[in-house]
Structures are given as C-alpha cells and as structure tokens.
Amino acid sequence: MQEIDKVYLSRNKMITNLILVMLSIFVVFAMVMESYQSLITIGIGLIFAAALVIVNRMQLLVKQIPYLIAAVFVLILFVSSWGDSSLTGEKYYLTIALFLIYPSYRPVLAYGLMTIISIITNISFSQLTLDTAATLLLMITLFTAIAVWVARLSENLFVSAETRNQEVKQAKDQVDHLLNDIKDSIGHLNEFYGNLKDNVAQSSRLMNELAGAFSEVAKGIESQAMSVSDISETMKASYQDIYEAAQSTRSMNRLSGHTMEITSSGNDHVQDLTVQVKSVNQIMASIVTSMTELNKQNEQVSNISETIAEMANQTKLLALNAAIEAARAGEHGKGFAVVSQEVRKLATKSLHSSSEISGILETIRNKTQQLAEQVSQGNEAILSSQDSVSRSAELLNESTNNVSNVQIQASEVESRMKLLQQSSEKVVQEVTSVSSVTEQSTAAVQEILSSIEEQKQLSDEVMNSFGSLEQIVNRLKSLSNQ
C-alpha cells in the first residue's frame, strides 16, 4: 500500500469514528427527547457506519469512501432540510470542514458541488426568498471555493511533504543501504583484517622458520662446500692414484707378456727335459738290466770259484794222501812225493786264489748290489723326476694359460683403467664445477637469508601496525552500529 492510501485509510477511520460518536450522541438525545422516529434514521446511519468499519478493516475502496461519505452527508442534510424555510449554511460549513482532513481537494469540491445542487433543489420547494437563497448559495460557493483552495494548499503541502518524505525515505534507504554496505564492508574488513593478521602472523612464523631453515641450509651448504672441496682434493689424489695404477697396469701387461714368453720358453725346455728324462730312464733301465745280469754272472763266477776251492781242497787232500803214500813207498815214492808236494802247493795256491777270487767276487757282488740299489734308487728318482717334470709341464701349461688369461685380464684392466682415468678426469672436472656452483649457491643462500631477515623485519613492522588498524576498525564498527 502506498503512503497516500495509508493517509486516506487513516482519514476514513477518523471520519468513521466521528460518525459513530455523533450517532451515539444522537441516540442519547433521541432517547432523552423521546423522538423515536429519528431512531430509524440513526439506525440507518449505524448500518452505514458499520459498513464503513468493515470496509476500512478490509482496506477496500480507500479513495472512493470520501466521496461516498460526502454523498451520504449531503443526502442526510437534504432530507433533514427538506421544506425548511429557515435554511442556513452553518451545518454545511461544519460538514465541508471535515473533508479538509483528506490530502486532496477533490472530496471537498465534490461535497461542495453536491451541496449546492441539493440546496438549489431544496430552494425550489422551500419558501426562501431569492435574496436569501442567492446569499446562501453565494456563501456556500465562496466557502466551498475557500475550502477547495485550502484543500489544494493542503494537497500541495502533502505532496511536497510526501515527496520530501519519499526523498528522505530514499535517502534513509540509501543511508541504511550504505550503512549496511559499510557494516558488511567493516565485517569483511574485520574478517580480512583477522585473516590478514593471521596470515601475516603465519607469514612471520614461516619467515622465522624459513630463516632458521635457510640458516641451516647455509650451514649445510658451507659444510657441503667443505665436503666438495675435500672430495675435489680426494678425487685429484684418486686421479693421481688411478693414473699411477694405469701405468702399473700397462707395466703389468708388458710383464705379463714377457712372463708369457718366458713361461712358453720354460715349457719348451720342460718338454725337452721330459724327453731327456725319458731317455735317461731308458738308459737307467738298461743299466739296471745289465747290473742284474752282472750279478747273475758274478754269482756264476762265485759258484765256479767255490767249485775251484772245493777242487783245490780235494786236490790238497789227494796230494797229502799221495805224499803219505810216497813216504810209505820210500825211495820209490820220492819223485811222487815231490810231485804231490808241488800239487799240494798248487792246490794251496789255487785255494788261496779261489779265496781271493771269492773275496773279490764278494766285493764285486756287494759293490754291484750297492750299485744296483743306487741305480734302482736313481731309476726311482728318475721316475719321480719324470713325474715331477710331467707335473711341471702341466703346471707350466697351466701357468702359460694363467699368464695368457692374466695378459688378457691385464689388457682389459688396462682398457678399463683408461676409461676409469678418463671418467676420473671428468669427475674431477665435474667436482670442480660443483665446487664452484656450491660456492655460488652459498653466496646466493646468504643473499636470500639477508632478504628473509629484511622480510622478517617488515613482517614485524606490519604486525606492529595492526594495532592502529584494529583501533580504526573498532571505531568504524562503533560508528556503523550507531
């Protein structure tokens, strides 16, 4: 509902209440004056007032009710003044003044026109003179014009006031909206302030942690730089060792080749020695065979010598017997005695020679036996030497193979040492580069650390300035709440 409709509704309620009061007064007067005929008119008025109350409650016909009330009032005045010769305009003046409460001149004008029409109609049937009727119409017309002019002024004032009220309301709405926006902005500002304060506090904490972390990083990088420097020195020393190892590997490769040649030559000599040992073994075997035959022949000679000794003993016995027989024969047996004596001497010499031969043969046999044993031992030694030579040949073959493998491995090691030397040289270069980069990183970390310290100081200053900002925000909140 618009504001002017609200004004019309409130004015309708005022007039309705006024009608109810007037009707109540009329009822009292009618009861006092015992004018029961007028109670019918009052009852109709009460019905009309009740209808107005209902319509006002329902907020219907808000702008049409003034005209309806004006028509009813004119009708009541027309009926009550019908045929009255002493018709005056006071009751019209009082009634028309009621409509000045509306913020429009139209109800006043409508009531004035209907009043003039009803008076003209009533004059036609009354005994009023022309001058009195003309004066009454002139006064009512003049009063109506004045009332319309006043109502017009009231309407203009109301319109102006309403316009100003609307402007004030709009301004108030704008101010309220602005205040709401300010409150929202202050709320957002407060929230932003809180978040910013928390973020700055968190940023300050992070700066502290970051400063500590970068300090540790700086220490770590310094330690790393020292470690890289040590690594660089170690790698340079390792490079020198690798270079010397490469030289040693090349020397080992050359020595392996020379050892291979010597081992191959030794293997050839061992092969020749094996052949010679086999030949000596065959010779020794032949000597052993000859010595065995010599022992056999020596035994045969010994047997013959024993036979000769036995024969010499028997000859000696025979010579002795012959000498005895010769002695028995006397002079005849002297020649035979001399022969037997000579035979006995020869037998004795033969026995003695046989004994010497047996001794010599025994000595020869012993010497031959010792020689046979020595030859047998030599043969066994030669056989053992042959086995040793064979084993040596096998070992030399294995050594040759091993030396060959060593030479191959030495060649591979030499190749790998060359690659290792090249890689080590690159590693030394990379470590030197890393050392320089580490030094640059150390300088950069120191610069970052100093920047973080400056940022930390700025964060501390921002945190200190939040006190003033909080006072300003609280002041804005108090102003917006007012």
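The values are calculated or read from the model by the stated rules, or taken from the named source; none is laboratory data. Keep in mind the model is a prediction, meaning the values are calculated, not measured. So basically every Cβ, Gly included, is an ideal-geometry build from the backbone, and we count neighbours across all protein chains shown.
Remarks
- Inter-residue pairs, beta-carbon under 9 Å, first under 14 Å from residue 117 (Cα atoms) and in the stretch 133-147, second of a type in the set (Gly, Ala, Ser) and assigned to a helix (DSSP H, G or I), 6+ apart: 140/112; 141/112; 144/112
- So residue 302, is it among the small types (Gly, Ala, Ser), in a helix (DSSP H, G or I) and at pLDDT 75 or above: no
- Here residue 40 fulfils each of the conditions (1) of a type outside the set (Gly, Ala, Ser); (2) assigned to a helix (DSSP H, G or I); (3) surrounded by fewer than 16 Cβ atoms within 10 Å (Cβ to Cβ); (4) modelled with pLDDT of 80 or more apart from (4).
- Residue within the stretch 74-81 that is of a type outside the set (Val, Ile, Thr), at pLDDT 75 or above and loosely packed, with under 15 Cβ neighbours inside 10 Å present: yes
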